[in-house]
Every structure is written in C-alpha cells, then in structure tokens.
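The values are calculated or read from the model by the stated rules, or taken from the named source; none is laboratory data. It should be emphasised that the depicted structure is a prediction, and the values quoted were computed from it without experimental measurement. Glycine gets a Cβ as well: all are built from the backbone with ideal geometry, and neighbour counts include every protein chain shown. Note: areas computed on protein heavy atoms with side chains; ligands, DNA, RNA excluded. Shrake-Rupley method; radii C 1.70, N 1.55, O 1.52, S 1.80 Å.
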Amino acid sequence: MPTTDTKRKNDVTKLAKATSSDPKLVFENFLPCRFKAIAERSVRLLADTHETLGITAREFDIMVVLSERINVSSRDINQTNGMDKATITRALDRLIKKALIVRTKSKKDSRLVNIKLTGKGRRVFSKVEKNALLWEREFLRGINLSQLNKLYHSLDKIDENLDKLERTKPL
C-alpha cells in the first residue's frame, strides 16, 4: 500500500514521464496495470464476503446483475460485466445446481433464455449483498462524496474511451 510520500513521488514521476520526450512504461503509473492489480486485489478480498455463503466471484457478479433486472439473458450478463460466454455458462450451471437461479424460454423470442433468481437465490443474495455493502464501506473509507463522484465521472469517461477504442483499429 503506497504511503503519502510514495504517492506524491508517483504523482511527480507520472507527470515527468508523461511530458518527457522519452516516456517510459512503469507498472505503478500505467493505469491499465494499476486497474488490473486493484481489481484483482479487490475481487480477492471481496470474495471473503460471499464465499462463506458458497458463492464464487463469478456467481456473485451474475447474481448482482440478476438482482437489478428482470428478463436477463447471458448476453446481458456479458455486456454488463464482460465475462466470456463459457465462464457465464459454467457459473449459471453451478447456480442452477444450487437452486439459486432458473432459466426459462423468453415468451417474446423463443431463441432467448431468461435467467432469474429463485426465492432461495434472492434470500442468499440478500445476505451476500449485506456483506458486500459493509465491505464496500470499508473499501471506500477516507474517500468523500466529491472524490467518489469525480472517480465515477472519470471511470465513465474511461469507459467511453474504451468503447471508442473497441470500434477502431489498434494504434
């Protein structure tokens, strides 16, 4: 975990490297690497809140999506969290075996399968959600509302930029 002095040094280093005529790629200052490291660490630590209830990280991600919406498809899950189709299918199969979700044919389009939480799934998710929200409170400790809003705004902008990058050819 970086100290305040290290953070200041990194800020200065980032600025110097970004404006240098010979920029260098440094793991701690390259945002995709930082995002990945923070995300992996967060997922690992967050897992403690739901694995005690028998829910894996992938199952957790899917249950969050299912708790927010009705008539969810595998495609919706992919578009929400970027999970690949095979991973989604394996996680869905495990959730079905645990009787936490059901799949039903769409009434509007017989090619589509809707996925939803069962009563048991909603009860388990309620416990998972409570634990996750308590964890998130600690995760965000020391970050005020203004900082959090700026972070969300920055993440939204990065997400928009990623959408543009997906539509264009690599540099």
Leading residue at positive end of dipole, the chain (Cβ point charges), from 126, 38, 144: 126
Apportionment of accessible area to carbon and sulfur, the chain, percent (1.4 Å): 57
0 to 90° range, to nearest 10: angle between helix 57-68 axis and the chain longest Cα axis: 70
By average C-beta atoms within 10 angstrom, highest first, the peptides 81-87, 61-67: 61-67, 81-87
Stokes-Einstein translational diffusion, region 21-65 - Kirkwood Rh over all Cα pairs, 0.692 mPa s, 37 °C, in µm²/s: 265
Unit Cα scatterers, Debye sum, the chain: log10 I(q)/I(0) for q = 0.14 Å⁻¹: -0.95
Evaluated over region 39-125, the Cα radius of gyration and Dmax, each in Å: 12.8, 41
Placed amide H near residue 118: partners under 5 Å, 5+ positions off or other chain: 101, 102
